[in-house]
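Peer 1: Could you have a look at this structure, given as C-alpha cells, before my questions?
The values are calculated or read from the model by the stated rules, or taken from the named source; none is laboratory data. Computed from a predicted model, the values in this text were never measured in an experiment. Heads up, the Cβs are rebuilt from the backbone with ideal geometry, glycines too, and the neighbour counts pull from every protein chain shown.
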C-alpha cells in the first residue's frame, strides 16, 4: 500500500499534470492548439522521423551484436576465462554516461582523432549526424541487449540441438529450431528495449547530433533552450510517451513466443573448432569496434593539448582534483548514487516480496506488476519534465531528495524483476514452516528469506548505483547549483569546450563504477562466519 501511494504521488500525478499542461491554452482552457502548433512545425516532423529511423537501425545492430556475444558465451567450447572477458567487456559502456560517448566519437573519428591519426585517413562519411548517432546509440544499447539475450540463452535446453541433429536436420534448421526459435521473444524484446533507449536518449545527440535533429534534442530546446516554451515541451514529452504505450503492448504480445522448458538438460556441446574460431573472431571484432572509441578517453587527459601538443602531462587531473567545486560535485554524485541505491533496493525488494512471497490479493499484486511495466517504459526526459512542472516552487525543487526519488522510479523495473525472480526460486514452504514454529512473516523474511537473496540484493544495489552515476536525461531538468552532479557538469563543460576536463570527469565516473561493482560483487559473495562455527573451530584447535 505504501509503495502504491509512493508511485501514485511521484509517477502518476506528475504524468497527469504533464498531460493537462499539454492541453492547456493561454487562457487556461482545454485546447489542441499546442499539439497543432507542434505538428505544424516541419522541424518537429523531421525530428520525429529521424528518431524512429536511427533508433530502429541502432536497435537492430545492437541486437545482432548481443546475439553474437551471447552465442559465443553459451554455445562454444572456448575457455571460461575468455568468456568472462567477453561478458565484462560487453558491460563496460554502462560505466560511462552517454553524454561522454559523443565526445569520445569526435576525439576518435574526427579529423584530428586518435583512430583517424592511427589509420592515416579520415572517414568517408560525415561524423556529425546519422553516423555518429548510429555508433553512439549502438554502443549504448549493446550492454542492455546482451543482458537480456544472455540471461535467456543460459536457460535454453541444449538437448534440443542434439535431438535435431539426430533427426537429420540440416545445420541452419538446427540453428533455427534449437537456438533462434526459443530466443525469438527475447530477441524482439531486446530490439524494443534498445529502440526505446535510443529513441529517448539525450546525451548522445547533445554532442554528435549536429543538424540531424531528434525528438530528445527538440524537447531539451523547448524546455531549457534560449526561448523556453513549456506548453510545447509538455506536448513533445507526451508524444515521446507513444512508443512507451506501443512497447508495453508488444512486450505483452511477445510473451507468447517465449518457450519454457519443464526441465533443462545440461548437455555438453560437441567439439567443433571451426565454430569456436568463427564465433570468437566475430565477438572480438564486435568488442574491438565497440570499445575502440573509448580508448581516447584514457589517452587525451594525459596529453598536454590534444592534438596540438602531444606530450605526457597530469595538469588536467591536477586542475580537476584541486578544484573544490568539482570535488563537491563528485561528493553530490556519490551521495545521490548511494542513497538512490539504498532507497531503490528497499523499494524493489518490498515490491518483489508482495508479488512473490506474500498472500496479498491478486489485484494488489497486479498493481505492483503494472507499476513495474509502466516505469520500464517511461523515458527519463519525460519524467524529468513532469517533475519540473509539478515540483517547481515547492520545497522539493532543486533538492537531492527529488533526484533520488526520480532515480528510484526511473530504474525501478529491472531491479524489481531481478528480486522477483530470485524470491520465486526459493522454497515456498519456508514461511509456512516458520509460522507453525511461531515466527511472524516479517521475522521470517528478515531471518530466513533475506540472507538467501543477499547476492541479488547487492546486484540490485549495484544496478541502481551505476545508473545513478551515469544518468543525465531525467535529472538535467531537476538539478540546481547546490545539487549539481558530474553528468550535468559535463554538459556545462561542453559549452565551454573544456573536453579534457570532460574526459577526466568521465574517467572518474568510470573507475568509481568499476570499483563499486567489484566491491558489491565481493560483498555479495562474502559469508560471515557464525559464532557457533567460530566456537566449533576453536574447540577443534584446542583438541
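Peer 1: Looking at the structure I just gave you, is residue 280 in contact with a helix residue (DSSP H, G or I) (Cβ under 7 Å, 6 or more places away or on another chain), modelled with pLDDT of 90 or more and closer than 23 Å to residue 61 by Cα? Outline the logic, then answer.
Peer 2: Numbers: in contact with a helix residue (DSSP H, G or I) (Cβ under 7 Å, 6 or more places away or on another chain): yes; modelled with pLDDT of 90 or more: yes; closer than 23 Å to residue 61 by Cα: yes.
Considered against the rule, which asks whether it is in contact with a helix residue (DSSP H, G or I) (Cβ under 7 Å, 6 or more places away or on another chain), modelled with pLDDT of 90 or more and closer than 23 Å to residue 61 by Cα, residue 280 comes out as yes.
Peer 1: I'd like to verify a number: residues in the range 266-291 that are surrounded by 15 or more Cβ atoms within 10 Å (Cβ to Cβ) and closer than 19 Å to residue 87 by Cβ, how many? Steps first, please.
Peer 2: First, pick out the residues of the range 266-291 that are surrounded by 15 or more Cβ atoms within 10 Å (Cβ to Cβ): 275-276, 279-280, 282-284, 286-287, 290.
Still in the running and closer than 19 Å to residue 87 by Cβ: 276, 279-280, 282-284, 286-287, 290.
Final tally of qualifying residues: 9.
Peer 1: Taking the range 209-221 as the search range and keeping residues that are touching a residue at least 12 places away in the same chain (Cβ under 8 Å) and farther than 15 Å from residue 55 by Cα, which one is farthest from the chain's Cα centre (by Cα)? Give the steps one after another, and end with the answer.
Peer 2: Taking the range 209-221 as the starting set, the residues that turn out to be touching a residue at least 12 places away in the same chain (Cβ under 8 Å) are 209-220.
If we keep only those that are farther than 15 Å from residue 55 by Cα as well, we get 210-211, 218-220.
Numbers: 210: 25, 211: 27, 218: 22, 219: 21, 220: 21 Å.
This residue is 211.
Peer 1: Take residues that are within 22 Å of residue 201 (Cα to Cα), assigned by TED's automatic domain parsing to the domain that holds residue 76 and within 31 Å of the chain's Cα centre (by Cα) and tell me which of the helices (runs of 4 or more DSSP H) falling wholly in the range 105-170 contain 1 or more.
Peer 2: Filter on the range 105-170 gives 130-153.
Peer 1: Filter the range 28-39 down to residues that are surrounded by 10 or more Cβ atoms within 10 Å (Cβ to Cβ) and without any contact (Cβ under 8 Å) to a residue 12 or more places away in the chain, then give me how many there are. Step through it out loud before you land on a result.
Peer 2: Looking only at the range 28-39, we keep the residues that are surrounded by 10 or more Cβ atoms within 10 Å (Cβ to Cβ), and these are 31-39.
After this cut, where a residue has to be without any contact (Cβ under 8 Å) to a residue 12 or more places away in the chain as well, the list is 31-33, 36, 39.
Matching residues across the range 28-39 total 5.
Residues checked against (1) in the same structural domain as residue 462 (by TED's automatic domain parsing); (2) more than 23 Å from residue 516 (Cβ to Cβ); (3) modelled with pLDDT of 90 or more:
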site	(1), (2), (3)
331	yes, no, yes
334	yes, no, yes
344	yes, no, yes
348	yes, no, yes
351	yes, yes, yes
358	yes, yes, no
369	yes, yes, no
373	yes, yes, no
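Peer 1: Could you tell me which of the residues 10, 67, 23 is outside the structural domain of residue 511 (by TED's automatic domain parsing) and touching a strand residue (DSSP E or B) at 6+ places or on another chain (Cβ under 6 Å)? Give the derivation first.
Peer 2: Numbers: 10 fails: touching a strand residue (DSSP E or B) at 6+ places or on another chain (Cβ under 6 Å); 67 fails: touching a strand residue (DSSP E or B) at 6+ places or on another chain (Cβ under 6 Å).
None of the others qualify; the one that does is 23.
Peer 1: Hey, does the range 362-381 have a residue that's touching a helix residue (DSSP H, G or I) at 6+ places or on another chain (Cβ under 6 Å) and farther than 28 Å from residue 247 by Cα?
Peer 2: no
Peer 1: Show the residue pairs meeting these rules: Cβ distance below 6 Å; 6+ apart or different chains; first residue within the range 225-248 and buried (at least 21 other Cβ atoms within 10 Å of the Cβ); second residue part of a loop (DSSP other than H, G, I, E, B) and modelled with pLDDT of 80 or more.
Peer 2: 240/379
Peer 1: Also: Output the number of residues of the range 189-202 satisfying the condition of being surrounded by fewer than 24 Cβ atoms within 10 Å (Cβ to Cβ) and over 15 Å from residue 52 (Cα atoms).
Peer 2: Residues flagged as surrounded by fewer than 24 Cβ atoms within 10 Å (Cβ to Cβ) and over 15 Å from residue 52 (Cα atoms) within the range 189-202 amount to 1.
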